[in-house]
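The values are calculated or read from the model by the stated rules, or taken from the named source; none is laboratory data. Just so we're clear, the structure is a prediction, and the values are computed from it rather than from any experiment. Note: ideal-geometry Cβ built from the backbone for every residue, glycine included; neighbour counts use all protein chains shown.
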Amino acid sequence: MQILKTYARLFVADLDTALPTYEKLVGTPADLRFPFEQAELAAIGDFLLIAGSPEHTDRFRTTIGPVIVDDLNQLITELTAAEATLTAGPLHSETGRFAYLRHPDGTEVEYVEWSPEVRTRVLA
């Protein structure tokens with residue numbers, strides 16, 4: 001299992017307002033932009049912008065990530081063997097599969113395995 005990418009999660013009020021600043025900072029357009037539940041996400045460089053009202057986004061503030069991995073099943077096997085707890089997932093999203101695991105130290109991390117199409121688009 002290999003970590004392919006890690007994002008810094010940023011919470012913004014409005015994606016259309018915030019995204020141009022990050023596109024200028026990174027020097028490229030967003031790699032990904034899509035709705036997720038009642039929020040909207042955009043990935044650009046090493047930033048993941050999460051837009052939406054606090055009642056829809058506050059629950060994401062308690063987790064770290066996303067951490068993009070090449071094999072979600074192997075990651076879950078390795079971390080649960082090391083006493084991590086699977087708290088949600090694996091679930092499917094527009095970008096692939098994801099799961100939340102609470103590490104023995106109490107940190108909860110979102111792990112994502114991208115679909116082949118997304119992996120090629122973002123990492124190629």
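Quick notes on this one:
- Within the range 79-123, the set of residues being exposed (fewer than 14 other Cβ atoms within 10 Å of the Cβ), within 15 Å of Val69 (Cα to Cα) and free of Cβ contacts under 8 Å to residues at least 60 places away in the same chain comprises Leu91, His92, Pro116, Glu117, Thr120.
Residue by residue, here is whether (1) assigned to a helix (DSSP H, G or I); (2) not hydroxyl-bearing (Ser, Thr, Tyr) holds:
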{"residue": "Leu79", "(1), (2)": "yes, yes"}
{"residue": "Ala88", "(1), (2)": "no, yes"}
{"residue": "Tyr100", "(1), (2)": "no, no"}
{"residue": "Val112", "(1), (2)": "no, yes"}
{"residue": "Glu117", "(1), (2)": "yes, yes"}
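- For Asp70, the stated conditions hold: it is touching a residue at least 40 places away in the same chain (Cβ under 8 Å), out of contact with any Pro (no Cβ under 6 Å at 6 or more places or on another chain) and not hydroxyl-bearing (Ser, Thr, Tyr).
- Only one of the numbered conditions (1) at pLDDT below 85; (2) part of a strand (DSSP E or B) is violated by Arg59, and that is (2).
- Qualifying residue in the range 18-26 (condition: touching a Leu at 6+ places or on another chain (Cβ under 9 Å), of a type in the set (Phe, Trp, Tyr) and part of a helix (DSSP H, G or I)): yes
- So Ala124, is it of a type in the set (Gly, Ala, Ser) and modelled with pLDDT under 90: yes
- Which listed residue is more than 17 Å from Tyr100 (Cβ to Cβ), of a type outside the set (Val, Ile, Thr) and more than 14 Å from the chain's Cα centre (by Cα), from Gln74, Gln38: Gln38
Condition check ((1) under 17 Å from Glu110 (Cα atoms); (2) of a type in the set (Asp, Glu)) across all residues:
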position	(1), (2)
Tyr7	yes, no
Leu10	yes, no
Asp16	no, yes
Pro20	no, no
Leu25	no, no
Ile50	yes, no
Ser53	no, no
Asp58	yes, yes
Ala81	no, no
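- Within the range 7-55, being surrounded by fewer than 17 Cβ atoms within 10 Å (Cβ to Cβ), touching an Asp or Glu at 6+ places or on another chain (Cβ under 7 Å) and either without any contact (Cβ under 8 Å) to a residue 24 or more places away in the chain or closer than 19 Å to Glu117 by Cα (or both) holds for Pro29, Phe34.
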